[in-house]
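The values are calculated or read from the model by the stated rules, or taken from the named source; none is laboratory data. Just so you know, these numbers come straight off a predicted model, no measurement behind them. Counting neighbours? That spans all protein chains shown, and the Cβs are built from the backbone with ideal geometry, glycine included.
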Amino acid sequence: MDLKLKGKVALVTGGTGGIGSAIVRGFLAEGAKVAFSSTSQAKIDALLAELSAYKGQVAGFVANMTKEEDIKNFVEKAKAHFGTFDIVVPNAGYEGQAHPVQDMTLGLFQDTYMLNVFAVMLTMKYAAPTLIEKKKGAVVVVASAAAYEPTAGNSAYVSSKYAVAGLTKCVALELGPVGVNVNYICPGPVDTPMMLRIEKDFFPDLTHEQAMAALASAYAMDKRYAKPEEVANAVLYLASEVSAHTAGMGMRVDSKVSAAN
């Protein structure tokens with residue numbers, strides 16, 4: 001199926017992470033141009049070296065997504081580099097730290113919300129005028145299956161994903177009438193470095209294989225984590241004209257769980 005992404009320009013935050021780099025590669029393979037953010041120039045250079053076949057089609061920019069000015073500058077620099085943009089993917093996220101509520105601190109909550117909610121809002125805020133002017137485009141937020149599945153001891157992360165789902169639905173209602181489709185995806189556990197950190201947080205005494213068996217047994221029919229490319233494929237679909245009649249939807253990429261609920 002032709003997703004009609006050739007020649008489109010996509011903005012991807014957190015583009016050097018496990019899911020982010022898969023999203024960047026997915027857009028490039030479809031013939032789109034990509035501007036991505038990362039907190040590190042070294043990480044940007046490493047990814048660009050891997051993507052040398054797409055020279056001229058991809059650009060990376062250092063941005064701290066916890067700072068409004070950096071977010072604004074990323075959007076502006078990306079637009080200046082490619083002349084415009086058509087697709088926005090707020091992907092950067094933070095797993096937070098797991099604590100029971102009596103041990104939770106305001107600072108830990110704020111850190112989690114800053115990246116998972118406020119940075120998403122600010123990315124959409126500064127990107128929206130361009131999409132409104134074009135009267136077309138797509139926004140695909142990378143949320144989490146945690147937006148549907150609460151976990152004891154993980155209140156900061158889970159509640160931030162509930163919040164970003166609500167935020168995205170509101171923006172879908174705002175931008176839909178001008179021709180911009182806004183949706184979000186909700187992956188379960190994904191085979192990324194972030195997942196390894198989560199394993200250590202929740203299962204410090206288990207090996208990677210044991211922790212994956214424990215977590216994947218609840219989320220996947222084939223008892224494995226999702227591959228980053230599988231998550232990226234969901235983003236590509238919702239970013240494409242193929243899904244132009246879809247808005248405000250949370251697409252779950254979690255195998256078994258959504259089928260059981």
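Of the residues Ala10, Ala53, which single one is among the aliphatic types (A, V, I, L, M), modelled with pLDDT of 95 or more and within 18 Å of the chain's Cα centre (by Cα)?
Being among the aliphatic types (A, V, I, L, M), modelled with pLDDT of 95 or more and within 18 Å of the chain's Cα centre (by Cα) holds for just one of Ala10, Ala53, which is Ala10.
Of the residues that sit in segment 93-117 and are of a type in the set (A, V, I, L, M) and either under 20 Å from Thr16 (Cβ atoms) or crowded, with 16+ Cβ neighbours inside 10 Å (or both), which one is farthest from the chain's Cα centre (by Cα)?
Met104
Test Ala232 against the criterion of being modelled with pLDDT of 80 or more, in contact with a Gly (Cβ under 8 Å, 6 or more places away or on another chain) and not in a helix (DSSP H, G or I), and give yes or no.
No, not satisfied.
Does segment 116-155 hold any residues that are over 19 Å from Gly248 (Cα atoms) and at pLDDT below 95, and which are they?
Hits for segment 116-155 are Pro150, Thr151, Ala152, Gly153, Asn154, Ser155.
With the condition kept exactly as written, say whether any residue in segment 82-98 is touching a helix residue (DSSP H, G or I) at 6+ places or on another chain (Cβ under 7 Å), assigned to a strand (DSSP E or B) and of a type outside the set (A, V, I, L, M, F, W, C).
Checking segment 82-98: not a single residue is touching a helix residue (DSSP H, G or I) at 6+ places or on another chain (Cβ under 7 Å), assigned to a strand (DSSP E or B) and of a type outside the set (A, V, I, L, M, F, W, C).
Condition (residue is touching a residue at least 24 places away in the same chain (Cβ under 8 Å), farther than 18 Å from Met121 by Cα, among the small types (Gly, Ala, Ser) and surrounded by 22 or more Cβ atoms within 10 Å (Cβ to Cβ)) applied to segment 68-86: is it met by at least one residue?
The answer is no, given that none of the residues of segment 68-86 is touching a residue at least 24 places away in the same chain (Cβ under 8 Å), farther than 18 Å from Met121 by Cα, among the small types (Gly, Ala, Ser) and surrounded by 22 or more Cβ atoms within 10 Å (Cβ to Cβ).
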